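The block underneath contains the structure these notes are about, expressed in structure tokens.
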């Protein structure tokens, strides 16, 4: 069976273009039947690529949820597809069957996605689109057409409404000024329940001087699609360029989204292509001040850049939004927020860009009252965070998944993210205003959640473990250890702030058990008998919880549980923890094995996008990227978050790497260089 899996993996990887540029992922051979799009995003709007010329697969807008679809819970909404276009050459519309030399590439350094192709002996075409980093709701596409002979073109921008939206209304308007004419293609629609109004608008940007630009014509096809188009003659050997800029926003972000979408599109039009590009590139340059540089392993370098790129692309300062497991790459997991955000993605962002990570803890703080109501409804005190969260912070887990009522470790995950934010930033004003209310309320939850059955037996019963195959078990190792860490963090925060704290917190922390089996291995839960596990649980007690610090115990637990993860069906972040721990134990080769095993079997063509599981088809799994980046930063790089800030501990690099450089770390933007000895 193992040989078959390896063979399939080799066949799969043969579909990739193995260009190892550190910044550019190229796809020179594209199979539309085996194509998994890659996302260009700016932390608010995500655009997912398509193998069809002039098409994009999805446009996803952060923060836009409504109740529809499977599970009777809130779901992400697709936005209007405001970047779909078509091109006709000499009266014939181009499609995938009529073009050749079709290539695509992502420039991660400046978040630019480019498609190029030839149309017979008539034209070469290239277009690049961006989710503009400086403008949260605005996108841009630049198109160039080089004529190989005299041709006539008709180019259209097509506005399409997703199926889930209703009561679509379409508008077209031309605004004339002495120096410019602006054509606005605009649509609005209601979300499935009518809760939200979603709006989008776009316009052409021409390079010709005012008065000589092409005449734009509007066509209404049906309620769900309309377009604007123009025609142009291009002489042999010349290149014609134009652009489309557009904006999308909902009533979740603005009280008047229809007019605001048009205003933002007008702003982009009059900024002009050059200024838009200049500010976009500068914004991405400022993000890449915090970077990971691997010397000696070009493919790992590109892959790590891709992981970091996606976390940057899915985050945006000042939104107070958190991240779903799939980020802005589609509607996976309904766009909900899980522990994936707090435990897996947050730490990597925290050490590289604390201002981006801050959104994620602010998101939880803004939903603290909902967490308190959730605790009350379950008979507990304090704040009990939901397993799945969306806009309001109420429980959004579908009822068929037992994680909603029982996966209680999420509450400690949220609290520890808040504590770690303080540890890295040392911002006591933030701790007092924001961190302390979360830490104290979650500590109160655990003090009420335990069952007090005698000394050292304050049991936490009937939970879903971090290993989610273990449902309704008692004294789960990770849940118990996370609760202890939560209680201790609350006590530490109180002492820093000079506040009184509930002495019962210490009593509870001292009496929650961490179980062991007869062989000395930490027992995953009271009912655990050595079965396979879905994902890391016990091993998280060594990192990030630091409950277990004895290296012999860490090694014993690691060697035991790393043999109990099946080769298929388990999420990518587990092997990342194995890699991190082996690096900290000084075994760079085992660490490298698990580093590669964490993601290479999960890659999908043609852009090496990470799926949740080996052989999975639901990319982009930002959770896995976060876990693997922690293996690089906190494992190979030795970064460690402590109460006094970020420190560096001794770890081991793999022999394949000459050195590892971590740039722009923490609030002081420090650089750490780790050389292979």
Requested in this report: Mind listing whichever residues of segment 66-101 are more than 24 Å from residue 202 (Cβ to Cβ), part of a strand (DSSP E or B) and touching a residue at least 24 places away in the same chain (Cβ under 8 Å)?
Outcome: 67, 74, 75
Report summary line: Among 513, 566, 571, the single one that is under 29 Å from the mean Cα position of the chain (by Cα) and surrounded by fewer than 22 Cβ atoms within 10 Å (Cβ to Cβ) is 566
Query raised in the report: So which of 376, 346 is surrounded by fewer than 24 Cβ atoms within 10 Å (Cβ to Cβ) and either in a helix (DSSP H, G or I) or touching a residue at least 12 places away in the same chain (Cβ under 8 Å) (or both)?
Result: 376
Query raised in the report: Within segment 618-630, is there a residue that is surrounded by fewer than 23 Cβ atoms within 10 Å (Cβ to Cβ), within 19 Å of residue 36 (Cβ to Cβ), in contact with a helix residue (DSSP H, G or I) (Cβ under 7 Å, 6 or more places away or on another chain) and in contact (Cβ under 8 Å) with a residue 12 or more places away in the chain?
Result: yes
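Specify which of the listed residues (305, 310) is on the phi < 0 side of the Ramachandran plot, more than 13 Å from the chain's Cα centre (by Cα) and assigned to a helix (DSSP H, G or I).
305
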Query raised in the report: In segment 479-506, how many are without any contact (Cβ under 8 Å) to a residue 24 or more places away in the chain and over 19 Å from residue 427 (Cα atoms)?
Result: 3
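Quick one: is residue 365 in a helix (DSSP H, G or I), surrounded by fewer than 24 Cβ atoms within 10 Å (Cβ to Cβ), touching a residue at least 40 places away in the same chain (Cβ under 8 Å) and in contact with a helix residue (DSSP H, G or I) (Cβ under 6 Å, 6 or more places away or on another chain)? I'd like the intermediate steps shown before the answer.
Working: in a helix (DSSP H, G or I): yes; surrounded by fewer than 24 Cβ atoms within 10 Å (Cβ to Cβ): yes; touching a residue at least 40 places away in the same chain (Cβ under 8 Å): yes; in contact with a helix residue (DSSP H, G or I) (Cβ under 6 Å, 6 or more places away or on another chain): yes.
The answer is yes for residue 365.
Would segment 215-226 turn up any residue that is part of a strand (DSSP E or B) and within 18 Å of residue 59 (Cα to Cα)?
The answer is yes, given that some residue of segment 215-226 is part of a strand (DSSP E or B) and within 18 Å of residue 59 (Cα to Cα).
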Report summary line: Exactly one of 116, 157 is buried (at least 21 other Cβ atoms within 10 Å of the Cβ), within 33 Å of the chain's Cα centre (by Cα) and closer than 19 Å to residue 52 by Cβ, and that one is 157
Report summary line: Note on residue 139: of the conditions (1) farther than 18 Å from residue 185 by Cα; (2) under 28 Å from the mean Cα position of the chain (by Cα), unmet is (1)
Query - Flag for residue 444 being outside any strand (DSSP E or B) and either within 25 Å of the chain's Cα centre (by Cα) or at pLDDT below 95 (or both) - result: no
Query raised in the report: What is the residue count in segment 313-331 for residues that are closer than 21 Å to residue 617 by Cα and in a loop (DSSP other than H, G, I, E, B)?
Result: 9
Report summary line: Over segment 642-670, the set of residues in a loop (DSSP other than H, G, I, E, B), surrounded by 15 or more Cβ atoms within 10 Å (Cβ to Cβ) and at positive phi is 666
Query raised in the report: Residue check: is residue 334 in a helix (DSSP H, G or I), without any contact (Cβ under 8 Å) to a residue 60 or more places away in the chain, within 15 Å of the chain's Cα centre (by Cα) and closer than 29 Å to residue 304 by Cβ?
Result: no
Query - Within segment 235-245, considering residues that are part of a strand (DSSP E or B) and out of contact with any helix residue (DSSP H, G or I) (no Cβ under 6 Å at 6 or more places or on another chain), the one surrounded by the fewest Cβ atoms within 10 Å (Cβ to Cβ) - result: 239
Query raised in the report: Could we say that residue 571 is at pLDDT below 95 and assigned to a loop (DSSP other than H, G, I, E, B) here?
Result: yes
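The values are calculated or read from the model by the stated rules, or taken from the named source; none is laboratory data. This structure is a prediction, so every number in the text was calculated from the model and none was measured. Cβ atoms come from the backbone with ideal geometry, glycine included; neighbour counts cover every protein chain shown.
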